[in-house]
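Single-structure report; data block below.
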Amino acid sequence: MKTSFSLLLYALATLPVMAQKTIEVSVSNPLSSPRSDQPVVMQLNSYAMDVRSALVTCGGTEIPCQLDDLNQDGTFDELCFLADLKGKEQKRYQITLSSDSEPRSYPARVYAEMVLANTKDKKLKKHQQNNYIDAITARGDAAYTYNIQHHHGVAFESELNAIRIYFDARQTLDLYGKYQPRLELKDTQFYTADEHKQQGYGDDVLWVGQTFGLGAFRGWDGHQPTLVEPVRSRTQRIISYGPLRTIVEVVDLGWQVPSPMNHESSTLNHESSTLNHESSTLNHESSTLNHKSPITMTLRYTQYAGHRDTDVDVLFNKDVSAYRFSTGIINVKGSEEFSDRKGLRACWGTDYPSTDTLKWKRETVGLAVYVPQKNIASEEPANKDNYAYVIKVDGSSMHYKVNYTSANEQFGYHSADEWFKYLQAWKREVEHPIIIKEKK
């Protein structure tokens, strides 16, 4: 009997311990206008436990949430849920973290996809490709990376938008316009079939060429934007599939980015070369070496459910304060421009989304980029290609946002005035985020 009792105690002692922690968080809206689907993001590394699942409730009602492993080490780093708040409203949320290994499941409100063409099954149509992948890396000397992936790069969406990022030195954001608020990329894969068009599905609405498209992040040589090349390698990967936000990354390893500061130094040295040619040659060689100091850049795109705007985090492997970069939006043919001279730049215009003007109809779009003023070195005059900002980074990271609408939307904006008015309200929300406080 004593032996059996001892065995029972031993068995209980060796059972896995279920760690659990309950947290209360208040979320408040500082503005008088209502706000929906506001992201509440909490860092998990301060709770000293291996979080495997989470339950979020508000007033006894369960709220969908998700856990994300940002550095892909097998441990969840962040908890995210979305809050709906009236003007000046405050809500209290109860969060229970657990070491349970089964995260809760909720309906998907976002979608992300990387896919290679299935060359074995010739019966599959262009919108039916099924060689799904999570990540891909190409060497810097790869001949033509644009066609490696089926729809030319990683694609993601919320109910309101859909974007693909080209897998080449442009790294341009290309846009898909919807008629109805819903998820569509799993069905169309950015190539909308005739049967889908009859069902009201959207399609590609922007021709980007070599331009910024919607807020691509690039170099700056002192005069114009430069593509993200040469690099040692280029990677695209999906970090999170949802259900409330999807996160994708583009990693440029060993980018030899031009530095306009070195360019200016080279110009000064060149002017002095008439006096001392030998000294100028030495300075030019030194400038060339400095001009090609490689860096590694990670562009992280986060798309939240219920949002038409997209968050862009730019992360570097070292301090890049001495460099200059660029971003902006394409100058859509004949577009009307808006700028508040304080970080918000937008346009409204109409053009064909393809060089095939017989197959495609003209599409009207509104585009926008918001860059914090601290990161703006200059706002460049519009040219035939772009509305550009020259960007400075204080340290090794920065954050900005992009936004767009298609006039096809039954739920969106249909004139420049409507679009620009919305953007000013949007910027106000961006600059007055919800307030999140954890009760100690």
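Name the single residue, out of those in region 345-358 being of a type in the set (A, V, I, L, M, F, W, C) and buried (at least 21 other Cβ atoms within 10 Å of the Cβ), that is nearest to Val369 (Cα to Cα).
Within region 345-358, the match that is nearest to Val369 (Cα to Cα) is Ala346.
Here are some residues: Asp340, Asp313. Which one is of a type in the set (D, E, K, R), closer than 29 Å to Val40 by Cα and either touching a strand residue (DSSP E or B) at 6+ places or on another chain (Cβ under 7 Å) or without any contact (Cβ under 8 Å) to a residue 12 or more places away in the chain (or both)?
Asp313
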* Asked: Scanning region 58-102 for residues that are surrounded by fewer than 18 Cβ atoms within 10 Å (Cβ to Cβ) and among the hydrophobic types (A, V, I, L, M, F, W, C), which turns out nearest to Val40 (Cα to Cα)?
  -> Cys58
* To do: Please specify each residue of region 380-404 satisfying the condition of being open to solvent by less than 50 Å² (accessible area, probe 1.4 Å) and in a strand (DSSP E or B).
  => Asn386, Tyr387, Ala388, Tyr389, Val390, Ile391, Met398, Tyr400, Lys401, Val402, Asn403, Tyr404
* Residue count, region 172-206 (criterion: open to solvent by less than 10 Å² (accessible area, probe 1.4 Å), more than 13 Å from Ser406 (Cβ to Cβ) and out of contact with any helix residue (DSSP H, G or I) (no Cβ under 6 Å at 6 or more places or on another chain)) -> 5
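So, in region 207-220, of the ones that are open to solvent by less than 10 Å² (accessible area, probe 1.4 Å) and of a type outside the set (Gly, Ala, Ser), which residue ends up nearest to Val402 (Cα to Cα)? I'd like the intermediate steps shown before the answer.
Narrowing region 207-220 to residues open to solvent by less than 10 Å² (accessible area, probe 1.4 Å): 208, 211-219.
When the remaining residues are screened for being of a type outside the set (Gly, Ala, Ser), the result is 208, 211-212, 214, 217-218.
Values: Val208: 15, Thr211: 15, Phe212: 11, Leu214: 7, Phe217: 11, Arg218: 15 Å.
So the residue we want is Leu214.
Would you point out the residue of region 242-259, among those that are closer than 27 Å to Ala322 by Cα and under 16 Å from the mean Cα position of the chain (by Cα), that is most open to solvent (accessible area, probe 1.4 Å)? Steps first, please.
So in region 242-259, the residues closer than 27 Å to Ala322 by Cα come out as 249-259.
The next check asks that each one be under 16 Å from the mean Cα position of the chain (by Cα); those that pass are 249-252.
Values: Glu249: 4, Val250: 2, Val251: 21, Asp252: 0 Å².
Of everything passing the filter in region 242-259, Val251 is most open to solvent (accessible area, probe 1.4 Å).
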* Asked: Of all residues in region 24-49 being at pLDDT below 95 and either among the β-branched types (Val, Ile, Thr) or part of a helix (DSSP H, G or I) (or both), which is least open to solvent (accessible area, probe 1.4 Å)?
  -> Tyr47
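The values are calculated or read from the model by the stated rules, or taken from the named source; none is laboratory data. None of the values given here were measured: they were computed from a predicted structure. Ideal geometry is used to build each Cβ from the backbone, glycine not excepted, and the neighbour counts take in all protein chains shown. Just so you know, the surface numbers come from the protein's heavy atoms only, side chains and all, with ligands and any DNA or RNA stripped out. Shrake-Rupley method; radii C 1.70, N 1.55, O 1.52, S 1.80 Å.
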